[in-house]
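Structure incoming, see below.
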Amino acid sequence: MFLKNIKILIICTMMTLVFSCAFYSMSGSLPPHIKTISIPLLENETAEFGIAEDITDGIQKKFNDEGILKIINLNSDSSLKGVIKKITDGPYTFNKEESVSEYRYKIDVYFEWYDNRNVQTLFKGNFSGWGAYGISGDISSDGIDNDGDGKIDGEDEDEFGEPREFASKVAVEKIAQDVINDIMTTW
């Protein structure tokens, strides 16, 4: 009888664990009426050509990859609008001769997520992302972890291309991830 009760207890415990975790979804942390989002082209207050398109595309790609909210242009439940405030591109590290060996490309963006149905701001704030690049011209052999993933050059299959452009791409990816994280943790 005692063994039968223990078996029942173990089965009940396992079922509780399975059913309580089986239906976990990150989208459950969003307001229930928000299923769609519009992400218009960001405003650009900098002289950097094409950066508004790059960041807008990066944010939209991240939303599509995560599958959190469906992106639509008209009559969306919410809107994510942004303004690129500043881009800095300056020395980051120096070698022993005190010459610049690595630059840091940083993007600062202000975002506001707006609930179109309830006519209210859900969150607003400043986000920044950066990427590093060397002056060698070839990021696949510059000895720098350009994307911050802990891999350098030959170990890192995604480090290739023009250095400054790659640093910009890394900065955009960091901003997109931070925006997604904030949207998911706002509720």
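The values are calculated or read from the model by the stated rules, or taken from the named source; none is laboratory data. Note that the coordinates shown come from a computational prediction; the quantities given were computed from them, not determined experimentally. Note: ideal-geometry Cβ built from the backbone for every residue, glycine included; neighbour counts use all protein chains shown.
Results for (1) under 20 Å from the mean Cα position of the chain (by Cα); (2) crowded, with 18+ Cβ neighbours inside 10 Å; (3) at pLDDT 95 or above, shown as yes or no for each residue.
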{"position": "Cys12", "(1), (2), (3)": "no, no, no"}
{"position": "Met15", "(1), (2), (3)": "no, no, no"}
{"position": "Phe23", "(1), (2), (3)": "no, no, no"}
{"position": "Pro40", "(1), (2), (3)": "yes, no, yes"}
{"position": "Asn44", "(1), (2), (3)": "yes, yes, yes"}
{"position": "Phe49", "(1), (2), (3)": "no, no, no"}
{"position": "Leu69", "(1), (2), (3)": "yes, yes, no"}
{"position": "Leu80", "(1), (2), (3)": "yes, yes, yes"}
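Considering each of Ile144, Ile87 in turn, give the residue that is modelled with pLDDT of 90 or more and of a type in the set (A, V, I, L, M).
Values: Ile144 fails: modelled with pLDDT of 90 or more.
On inspection, the qualifying residue turns out to be Ile87.
Residue-by-condition table, conditions (1) within 22 Å of the chain's Cα centre (by Cα); (2) part of a strand (DSSP E or B):
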{"residue": "Asn73", "(1), (2)": "yes, no"}
{"residue": "Ser101", "(1), (2)": "no, yes"}
{"residue": "Tyr105", "(1), (2)": "yes, yes"}
{"residue": "Tyr114", "(1), (2)": "yes, yes"}
{"residue": "Asn118", "(1), (2)": "no, no"}
{"residue": "Trp130", "(1), (2)": "yes, yes"}
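Filter the range 30-65 for residues that are assigned to a helix (DSSP H, G or I) and among the β-branched types (Val, Ile, Thr) and give the result.
Ile51, Ile55, Thr56, Ile59
Determine whether Phe123 is surrounded by fewer than 18 Cβ atoms within 10 Å (Cβ to Cβ) and of a type outside the set (D, E, K, R).
Spelling it out, Phe123 is indeed surrounded by fewer than 18 Cβ atoms within 10 Å (Cβ to Cβ) and of a type outside the set (D, E, K, R).
Please verify whether Glu53 is at pLDDT 90 or above and more than 30 Å from Gly134 (Cβ to Cβ), treating the condition exactly as stated.
Details: at pLDDT 90 or above: yes; more than 30 Å from Gly134 (Cβ to Cβ): no.
For Glu53, the condition - at pLDDT 90 or above and more than 30 Å from Gly134 (Cβ to Cβ) - is not met.
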